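The values are calculated or read from the model by the stated rules, or taken from the named source; none is laboratory data. Please read these numbers as outputs of a predicted model, since none were measured by experiment. So basically every Cβ, Gly included, is an ideal-geometry build from the backbone, and we count neighbours across all protein chains shown.
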Amino acid sequence: MAKSYASLATGLVLYGLLWLAKRLYTRLTSPMRYIVGPHPRGIARGDVGHHMDAWRAQFGPTFKYPGMFGTNLHTSDVLALQHILKNADIYQRPARIRKILGNGLLGAGLLTIEGKEHRNLRKIMNPAFGAPQMRELGEIFMEKSAQLRDNWLDDLSCGSSRVDVLVGLRSMSLDVIALAGFNYDSNSLDRTLPRSELDEAFTAYFQPTATYGDRILRMVQLMFPIILHVPLRMNVVVQRARASLDRISHQLLQEGKTAIEKSADEKTYNTSRKDLLSLLLKVNMGDDIPANQRISDNVVLAQIPTFLVAGNETTSVGTAWALYALALNPIVQQKLRAELYSVATDSPSVEELNELPYLKNVVKEILRLHPSIGFTVREAQRDDVVPLRHPCTDRKGRVLNSVAIARGQLIHIPILGVHRDKALWGADAEEFRPERWDALPESVKEIPGIYAHLLTFLGGPHSCIGAKFSIFEIKALLFTLVRAVEFDMAVPKEDIGRTMAPVGSPFLWSEREKGAQMPLLLRSLKSL
């Protein structure tokens, strides 16, 4: 027994020495060793996001900083971003993060796979997110927006009231993605019905992970994935939510396949099922997809939680920030309301909403100043060289027009930082000014985003497939809510913070322990 313990201790010591030697060798040979950046001493590694603006001002758009897994490269240089986002096979989502997401709620969805598998899946899924399909789903967006409006008006029957708008927006977004995505009515907004299994699963999943302590635990899990298997409260919640989603997903998949198989012809099918899952199944089962490129039922199943998570949390958080921006800027709110009143119907089509210029500007400005995803990270799969539009000077005084990247290097892409960069957008980059979209500076037109020169939906092969879906949902919500409700601040703007997680949820500094929330003062315009 003593020999066994001695062998174990010796093994642990050797492992520790090898780990230290590898870290030292990497540090001494890394291409990052001469890149400028903040000194690691004194930096709280879990809170580096709060330092990014100051570091960009001190070091420029490209610098290194200490991260949980070594040295990270930060760059907001537009030429570098073009290179990174274009070369998606070289710069992929970090394997650790994909493992966490895959073992958690998402499974092998579009957000967790890479390479050829991702390209084949994206090719099959693209038709489900095109403009024609969005027109088909427009009625759902407007109906659910109206249901949320009516719920809030009921709450405001006695005048103005403080409302956490994030709660209702999450329910509305869940209803929309469930109906439009899978022909499933989650009834999250219906106060007369018991909560659905899907609603309960999402509430259980997102509420605990919104607290500060659980976000810290999430970061620890990235360092030690084995913690995923420890029966902690948060892990149990995720496992139960995943089990509920698995049951619902199997049910939805079988219903969708049965509907296709029973269709007498394509015309009958098209008029009966218009949801994204049914369209995906139809394309996947079609004759124009080679058998070796069709995706399995397991892969189709994995897309359901991906749709639900991506379509629910990002849009609801983004719209909460939109209402916050309008509450802070009453003149913009009034100008937008005047344009919305010019529409003769309460249920405009996609085309009618797209013809409203100021609404379009407001949505673009919201996506710029308050993107739901504040940053993203990529990991180099091989050695590479990243070009720079703005050269950086290293610690030896050399001016670099490019940065050498080693395999395994993590690269931080600061979406929020790019969107508020005064060198790109002008001196008023941090102000909410929708009118800027009538005459954009030339400098922003190199930003490699798929929509409006923004990185909100990223760019390249891994750009957000649901961008059109999200944009129209936000437009439908703003159209319906701003016509009926006046929004004002319920707390000082200094009390409202933004989490440093990838999805930048709002919270109150004075009530940080309560997690994500966006309290606003709402007043029915009927009472004015």
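Cβ-Cβ distances below 7 Å connect the following pairs, each with a first residue in the range 489-515 that is assigned to a loop (DSSP other than H, G, I, E, B), a second residue that is aromatic (Phe, Trp, Tyr), and a separation of six or more residues or different chains: 499/507; 502/375; 515/507.
Tell me yes or no: at least one residue of the range 371-385 is loosely packed, with under 15 Cβ neighbours inside 10 Å, outside any loop (DSSP other than H, G, I, E, B) and either among the aliphatic types (A, V, I, L, M) or over 27 Å from the mean Cα position of the chain (by Cα) (or both). The answer is yes; a qualifying residue exists. The single residue among 242, 170, 162, 191 that is charged (D, E, K, R), within 25 Å of residue 94 (Cβ to Cβ) and either under 20 Å from the mean Cα position of the chain (by Cα) or modelled with pLDDT of 80 or more (or both) turns out to be 242. Candidates 319, 314, 258, 271: the one that is surrounded by fewer than 18 Cβ atoms within 10 Å (Cβ to Cβ) and either within 21 Å of the chain's Cα centre (by Cα) or at pLDDT 80 or above (or both) is 258.
State whether the residues of the range 154-170 include one that is in contact with a Lys or Arg (Cβ under 7 Å, 6 or more places away or on another chain), of a type outside the set (Val, Ile, Thr) and closer than 25 Å to residue 507 by Cβ. The answer is yes, given that some residue of the range 154-170 is in contact with a Lys or Arg (Cβ under 7 Å, 6 or more places away or on another chain), of a type outside the set (Val, Ile, Thr) and closer than 25 Å to residue 507 by Cβ.
Hey, does the range 464-486 have a residue that's under 20 Å from residue 323 (Cβ atoms) and touching a strand residue (DSSP E or B) at 6+ places or on another chain (Cβ under 6 Å)? Within the range 464-486, one or more residues are under 20 Å from residue 323 (Cβ atoms) and touching a strand residue (DSSP E or B) at 6+ places or on another chain (Cβ under 6 Å).
Of the residues examined, residue 404 is one that is closer than 24 Å to residue 67 by Cα and not in a loop (DSSP other than H, G, I, E, B).
Screening the range 386-396 for residues that are more than 19 Å from residue 455 (Cα to Cα) and among the basic types (Lys, Arg) and picking the one that is surrounded by the most Cβ atoms within 10 Å (Cβ to Cβ) gives 395.
Checked across the range 422-432, the condition of being of a type in the set (Phe, Trp, Tyr), in a loop (DSSP other than H, G, I, E, B), buried (at least 18 other Cβ atoms within 10 Å of the Cβ) and at pLDDT 95 or above holds for at least one residue. For beta carbons closer than 6 Å, sequence separation of 6+ or different chains, a first residue in the range 455-477 that is touching a residue at least 12 places away in the same chain (Cβ under 8 Å) and a second that is of a type in the set (S, T, N, Q) and assigned to a helix (DSSP H, G or I), the qualifying pairs are 470/315; 473/315; 474/319; 476/145; 477/145; 477/319.
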